[in-house]
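A quick write-up on the structure given underneath.
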Amino acid sequence: MDIMRLIPRNSYMEKIINVIGTPDIKVITGVRRCGKSKLLESFKKYIDENIQDANIIHINFSCRSLKNCSLFERCMNI
């Protein structure tokens, strides 16, 4: 059985952390399966641990339980 390991992306995390609080829209791009979601999960963990009054909304559009949610339907039709 292969066990996947998480590769630390310290330089990317530093770049994201340095733009916290700026009004710019942050965009994470990359080829499929390069670690974009894992990077954002690490960033979410960083925020949870270091910024007490942060408001985070995490929507996993692959989650099948959202199929009957009107918000999901509206987001998918954008």
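The numbers here are math on the coordinates, done by the rules we state, and not lab data. Because the structure is predicted, anything quoted here is derived from the model rather than measured. Cβ atoms come from the backbone with ideal geometry, glycine included; neighbour counts cover every protein chain shown.
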Can you pull the one-decimal nm distance between simple spin-label points at Phe61 and Ile47, each 7 Å off the Cα toward Cβ? 1.8
When Lys and Arg each count +1 and Asp and Glu each count -1, what net charge do the other residues less than 11 Å away from Ala54, Cβ to Cβ, add up to? -2
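Given N residues in the chain, what is its alpha carbon radius of gyration divided by 2.2 N^0.38 Å?
Details: Rg = 15.1 Å, N = 78, 2.2 N^0.38 = 11.5 Å.
My calculation over the Cα atoms of the chain gives 1.31.
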Cα→Cβ-extended label distance, 7 Å offset, between Cys75 and Asp24, nm: 2.5
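Loop only by DSSP, 15 or fewer other Cβ within 10 Å of the Cβ. Give me the trypsin sites (Lys or Arg not before Pro) in the stretch 19-72 that pass, ordered by residue number. Each step should come with its number before you reach the end.
On the way: sites: Lys26, Arg32, Arg33, Lys36, Lys38, Lys44, Lys45, Arg64, Lys67; in loops: Lys26, Arg32, Arg33, Lys67.
Taking the stretch 19-72 and a limit of 15 other Cβ atoms within 10 Å, the loop trypsin sites (Lys or Arg not before Pro) found are Lys26, Arg32, Arg33, Lys67.
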